[in-house]
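*Asks:* Take this structure, written in C-alpha cells, and hold onto it; I'll ask about it next.
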Amino acid sequence: MQWESISDFFAMGGYGLYVWGSYSVTALCVVIELVDLRKNR
Amino acid sequence: MKPRHKRLILVLVALALLGLGATFVLKAFRSNLVFFYTPTEVFAGQVPQGQAFRIGGMVLEDSLQRNEDGVTVRFAVTDTMENVPVQYTGILPDLFQEGKGVVAQGRMDKQGIFVADQVLAKHDENYMPPEAAEALERARKIKMEAE
Amino acid sequence: MATFFFLVAAILTVWGLYIGFFVAPTDFQQGESYRIIFIHVPAAWMSMLIYLVMSFWAAIGLIMNTRLSSMMAHALAPTGALMTFVALWTGAFWGRPTWGAWWVWDARLTSELILLFLYIGYMALRASIEDPRRGDRASAILALVGVVNVPIIYFSVQWWNTLHQGASVSLTKSPTMATSMLTGMLVMALAFWMYSIAVSLMRVRRIIRDREGNATWLSESSGVQ
C-alpha cells in the first residue's frame, strides 16, 4: 500500500481535487438515479 | 408477405441507406476532423495557411530551453522525420516532458517558429508502476548499447 | 431480481475500489491522477454498450411490434445517459491535470458528447409523443440512426489524430496496463454492468406498470401483435 496516512490518501499525490471531484460526482449521479426510481414507485 | 417481414425489410433498407450516408459523412470528416498535424505535414505545406492550427508529436530530447523571463519556453516537436521549433509563454501541463507526446496550438511566424498559445500533453495508453517503467528503461538502454 | 443485481454490484464496487485505491500502484507518468480510470473507463464502456442494447431492443420492438422490447429500450436510456455524463465528467477531471485542458474538440471527446445528445434526444422525443406506441416507433428510428456513432467513438482514436490516447485494453492486442490496475478496472466495469442491469430492471417494471396498468397488462400483452 502506498498511503502513509489518511491525509496522504485524501491528497492523492496532489491530484485530490480531480480524483475526488470525479468519484464524488459519480456517486452523486448514482444516488440521484436511485432516489428518482424510489420516488416514482 | 407478413407485415412483420415487410417491416424487417424496411428497417434493413433504412439501415443500409444510413450506413451509406454515414460512410460519405465519414469521408468528408476525415479531412476536417484532424485534431493536429504532424511536423512532416507542416513541412509538406499540408497545413491551413495564415490561420491557427495544432501540431502534434514528441518533444525532441534535449530541445527544451527556458528563457530568462522564466515563463517562455522553446522546444522542438518531432515525428522523427522533421522537427518544428515551438515557442510558448505560459504554464506547461504536468505531463509535459522531453521524449513524450505533445500537442501545441498556435501559428507559424515568419521565421518558421511555431508560436503556441496552448500546449497540451498527450500521454500514451501504458499504465505501470514507476519501478516497472525504470526496469523497462534500463532494458532499453542495455539493448541500445548492445546494438 | 433487481435486488440480486444490486447486491452483486455493491460487492464488486467495494472489491474494485479496494484494488483501485489500495492494491494498484502509482502510475509512472500520471502519478495518482490515473486512479480516475477505475470509473472513467467502465462508464465509457457502459455508455456505448447500453446504447447498443437499447438500439437492439428498439429494433426488435419496431420489427416484431412487441411492446415489452420497446419498454426495455425506454428503460435503458436514462442509465445510458448517466453513464455518458459520468464518462465525460470524469474525463474532464482527468484531462485537466494530465493534458492541461478540461475539454478539447478531438474526435473521441466530440463523438462521446454526440452520444449524450443522442440519449437526451431519444428521451425527449419519447416524452414529446403522447401515444406510447407512436413514441416507441419514432424513438426507435432515432436510436437506430444513432448507432453509427458507437463505432465512431470506439475507433476514433485509430481513425484520426486525437489528443485522447489509444485503447489500453482491446480484443486485438494484450493490455498495456499493470495487472492489478487492469483487475481493478475490469472489476469496476463488471460492477457498473450489474448496476445498469439492476437499475433498468427496476425502471422497466415501473414503465410496464405505468403504461399497461395491472389488469390490461395481463389480458393484452400476452400476444405479440
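*Asks:* Under the definition of partner shielding as Cβ atoms of other protein chains within 10 Å of a residue Cβ, what is the mean value for peptide A:26-33? If you can, show how the numbers build up before the last one.
*Replies:* Values: counts 13, 2, 1, 6, 7, 0, 1, 8.
Partner-chain Cβ atoms within 10 Å, mean over residues of A:26-33: 5.
*Asks:* Tell me the net charge near C:Ile197. Cut-off is 14 Å between Cβ atoms, C:Ile197 excluded, with +1 for each Lys or Arg and -1 for each Asp or Glu. Intermediate values should be presented prior to the final figure.
*Replies:* On the way: positive: C:Arg203, C:Arg205; negative: A:Glu33.
After counting each charged neighbour, the total is +1.
*Asks:* Using θ = phi - 60° and the Karplus curve 6.51 cos²θ - 1.76 cosθ + 1.60, what whole-Hz ³J(HN,Hα) does each residue of the stretch B:114-121 get, with Gly and Pro shown as x?
*Replies:* Karplus-based 3J(HN,Hα) across the stretch B:114-121 equals 7, 8, 9, 10, 8, 10, 10, 8 Hz.
*Asks:* Moving on. At a 1.4 Å probe radius, carbon and sulfur cover how many percent of the accessible area of the protein assembly as shown?
*Replies:* Working: 13930 of 21460 Å².
Result for the protein assembly as shown: 65 percent of the exposed heavy-atom area is carbon or sulfur.
*Asks:* Between rounded, prolate and oblate, where does chain A land on the alpha carbon gyration tensor, with a ≥ b ≥ c its root eigenvalues, rounded for a/c under 1.5, else prolate if a/b exceeds b/c? Please list the in-between numbers first.
*Replies:* Numbers: a/c = 5.52, a/b = 3.13, b/c = 1.76.
Prolate shape, in that a/c is at least 1.5 and a/b is the bigger ratio.
*Asks:* Separate question: Cα gyration tensor of the stretch C:57-142, axes a ≥ b ≥ c as square roots of the eigenvalues: rounded (a/c below 1.5), prolate (a/b > b/c) or oblate?
*Replies:* Values: a/c = 3.21, a/b = 3.05, b/c = 1.05.
Prolate, since a/c reaches 1.5 and a/b exceeds b/c.
*Asks:* If you don't mind, another one. Roughly how many Å² is the accessible area per residue of the protein assembly as shown, as a whole number, for a 1.4 Å probe?
*Replies:* Here the per-residue accessible area is 52 Å².
*Asks:* What nm value, rounded to one decimal, do you get for the distance between C:Arg205 and A:Leu34 when each label is placed 7 Å out toward the C-beta?
*Replies:* Reported label-point gap for C:Arg205 and A:Leu34 is 1.5 nm.
*Asks:* Among rounded, prolate and oblate, which fits chain C when a ≥ b ≥ c are the square roots of the eigenvalues of its C-alpha gyration tensor, a/c under 1.5 means rounded, and a/b larger than b/c means prolate?
*Replies:* Working: a/c = 2.61, a/b = 1.68, b/c = 1.56.
Judged from the Cα gyration tensor, chain C comes out prolate (a/c at least 1.5, a/b above b/c).
*Asks:* Using +1 at the Cβ of each Lys and Arg and -1 at the Cβ of each Asp and Glu in the protein assembly as shown, identify which of C:Leu49, C:Leu62, A:Leu37 lies farthest towards the dipole's positive end.
*Replies:* Looking along the dipole axis, the top candidate is C:Leu62.
*Asks:* Here's something else I'd like to know. Quick check: the angle from helix C:37-64's long axis to the longest principal axis of chain C, C-alpha only, nearest 10 degrees?
*Replies:* The helix C:37-64 is inclined about 20 degrees to chain C.
*Asks:* Still on this structure, please answer the following. I'd like the interface area for chains C and B: accessible area of each alone minus the complex, both sides summed, 1.4 Å probe, protein heavy atoms only. What is it in Å² to the nearest 100? Each step should come with its number before you reach the end.
*Replies:* Values: alone 12260 and 11230 Å², together 20030 Å².
The contact between B and C buries close to 3500 Å².
*Asks:* Regarding the protein assembly as shown, what are the three Cα extents along the principal axes, ordered largest first, in Å?
*Replies:* 81, 54, 42
*Asks:* At q = 0.14, 0.15, 0.19 Å⁻¹, work out log10 I(q)/I(0) for the stretch B:1-120 with the Debye formula, treating every Cα as an identical point scatterer and leaving solvent out; two decimals please.
*Replies:* Values returned for q = 0.14, 0.15, 0.19 Å⁻¹ are -0.64, -0.70, -0.98.
*Asks:* For the stretch C:29-133, run through the chymotrypsin sites (Phe, Trp or Tyr not before Pro) and keep only the ones in DSSP coil with at most 10 other Cβ atoms within 10 Å of their Cβ. Walk me through the numbers before you get to the answer.
*Replies:* Values: sites: C:Tyr34, C:Phe38, C:Trp45, C:Tyr51, C:Phe56, C:Trp57, C:Phe85, C:Trp89, C:Phe93, C:Trp94, C:Trp99, C:Trp102, C:Trp103, C:Trp105, C:Phe117, C:Tyr119, C:Tyr122; in loops: C:Trp99, C:Trp102, C:Trp103, C:Trp105.
When the chymotrypsin sites (Phe, Trp or Tyr not before Pro) of the stretch C:29-133 are filtered for loop state and at most 10 Cβ neighbours within 10 Å, C:Trp105 remain.
The values are calculated or read from the model by the stated rules, or taken from the named source; none is laboratory data. Note that the coordinates shown come from a computational prediction; the quantities given were computed from them, not determined experimentally. As a convention, Cβ positions derive from the backbone with ideal geometry for all residues, glycine included, and neighbour counts pool all protein chains shown. Protein only, heavy atoms only, side chains kept; ligands, DNA and RNA dropped before computing areas. Shrake-Rupley method; radii C 1.70, N 1.55, O 1.52, S 1.80 Å.
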